[in-house]
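The values are calculated or read from the model by the stated rules, or taken from the named source; none is laboratory data. This structure is a prediction, so every number in the text was calculated from the model and none was measured. Cβ placement follows ideal geometry from the backbone for every residue including glycine, while neighbour counts extend to all protein chains displayed.
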Amino acid sequence: MMTQATHIFEAANLGTAPFTFLGHADRGRGNLTGCAYCGTAIRHEFLIAGADDRKFVVGSECVYKTGDAGLIGVAKKAERAYRNAAARERRVASGKAKRISRRIALLRERREKARAILAKMPGDVRNALRVHRAPGADLDIRMRLVVSDMRMRVGRGIQLSDKATDWLLSIARNAFAVKAEVPEVSYRTHVVGKLASIKCDEDYGWRMLVEVQTDAGSYKIFGSVPVVFHDTMNKTMDKLNDLARAAYNAGDEASPFYSRMMFERPELRKFIGMEVSFDAQLIRSARDASFGFFKRPTKFKAEMPSLETIANWSREAE
Ligand SMILES: [Zn+2]
């Protein structure tokens, strides 16, 4: 049987072999202690206990010096686990810091873009963005949300489209429009107004909003687009296509109607602003006296745009 060499910790009178590894701790940069075996200042301390239960702290170097495989194995494992955890923590922290600085950079970029957009924005558009705060402005909740959404987009550095700008300006105009009440009469009324909007949905088909200007202000009425309007449209398109065919056959490329193809019916929204007149029964809305509905329109007339204008619309759409 071989005589085992005396354990260096036992030789240094730190305790009796066998020694047990109890744990590792990082004391931090400014809080060093001395290794019980060699006296060196250490940051990473390894707590060891002898068989006699005396406890002491040494540095990793001195753990490795012992040649005590059992002790070294567990100490190394503990040290490795600690370093991995610390590295992970650092990675998480730097990832978070990167995300935060990216976010700050993004916000700064948006703010600068928003400033640039606002600086170039015409005054009336800028004022329209703040219409909800203008004294005397009358804005319903829906329009309030639309404008606030546009404000938010500009705040994020997104340029308003031309269509959005037009809408915004019309909302601002309407907020100050003096409103007249929809006449409440039992007989059918002759209405002359402007097409304010037109839309189609599955259940009701094409419907339109007509704004009627009176001496007292304006009111709006909503109802079905008369079939006559579609007929008028079809006739207009037939006329336009006859002119197109004639210009094409004559090789008259300078003609505003010259086209290789048939003109397509333009989007009905193109007709917004067109003057319309008709007779109808009006019904005032219970919620808003300046809003109402029209029923069974007859004698519908529309001041259709010129054929040249419609031809141009079709060309733009190509
Ligand atoms: Zn030491």
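Residues that are of a type in the set (S, T, N, Q) and in contact (Cβ under 8 Å) with a residue 12 or more places away in the chain within the stretch 235-253 comprise T236, N241, listed in sequence order. For the stretch 167-179, taking the residues that are under 15 Å from V125 (Cα atoms) and among the small types (G, A, S), the one that is surrounded by the fewest Cβ atoms within 10 Å (Cβ to Cβ) is identified as S170.
For the stretch 277-290, indicate whether the set of residues that are out of contact with any Ser or Thr (no Cβ under 6 Å at 6 or more places or on another chain), basic (K, R) and more than 28 Å from L139 (Cβ to Cβ) is non-empty. No, that holds for no residue. Among the conditions (1) out of contact with any Ser or Thr (no Cβ under 7 Å at 6 or more places or on another chain); (2) touching a residue at least 12 places away in the same chain (Cβ under 8 Å), I104 misses just one, which is (2). Mind listing just one residue for me: the one in the stretch 64-86 that is free of Cβ contacts under 8 Å to residues at least 60 places away in the same chain and closer than 14 Å to G15 by Cβ and, of those, nearest to the ligand (Cβ to nearest atom)? In this case the residue turns out to be T66.
Among the residues of the stretch 47-56, the one identified as of a type outside the set (A, V, I, L, M) and within 15 Å of the ligand (Cβ to nearest atom) is F56.
When G136, G73, G67, G95 are checked against the criterion of being surrounded by fewer than 12 Cβ atoms within 10 Å (Cβ to Cβ) and under 30 Å from F291 (Cβ atoms), a single residue qualifies: G136.
For E211, the test of being of a type in the set (D, E, K, R) and crowded, with 16+ Cβ neighbours inside 10 Å is passed. Per the conditions (1) closer than 15 Å to N13 by Cβ; (2) within 15 Å of the ligand (Cβ to nearest atom); (3) small (G, A, S), the sole criterion not satisfied by G59 is (1). Yes or no: the stretch 139-149 includes at least one residue that is farther than 21 Å from N174 by Cβ and in a helix (DSSP H, G or I). No.
Scanning the stretch 257-284 for residues that are more than 41 Å from the chain's Cα centre (by Cα), in a loop (DSSP other than H, G, I, E, B) and buried (at least 16 other Cβ atoms within 10 Å of the Cβ) yields F257, Y258, S259. Scanning the stretch 24-46 for residues that are among the hydroxyl-bearing types (S, T, Y), more than 10 Å from the ligand (Cβ to nearest atom) and under 18 Å from L71 (Cα atoms) turns up nothing. Pairing each residue of the stretch 139-166 that is under 20 Å from K120 (Cα atoms) and modelled with pLDDT of 95 or more with any residue that is part of a helix (DSSP H, G or I) and among the polar types (S, T, N, Q), provided the two are 6+ apart or on different chains, yields no C-beta distance under 6 Å. Hey, does the stretch 268-291 have a residue that's free of Cβ contacts under 8 Å to residues at least 24 places away in the same chain and farther than 30 Å from V178 by Cβ? No, that holds for no residue. Quick check on F21: is it within 16 Å of the ligand (Cβ to nearest atom) and under 56 Å from the mean Cα position of the chain (by Cα)? In short, no.
For the stretch 264-317, filtering for residues that are among the hydroxyl-bearing types (S, T, Y) and more than 30 Å from E184 (Cα to Cα) leaves 3.
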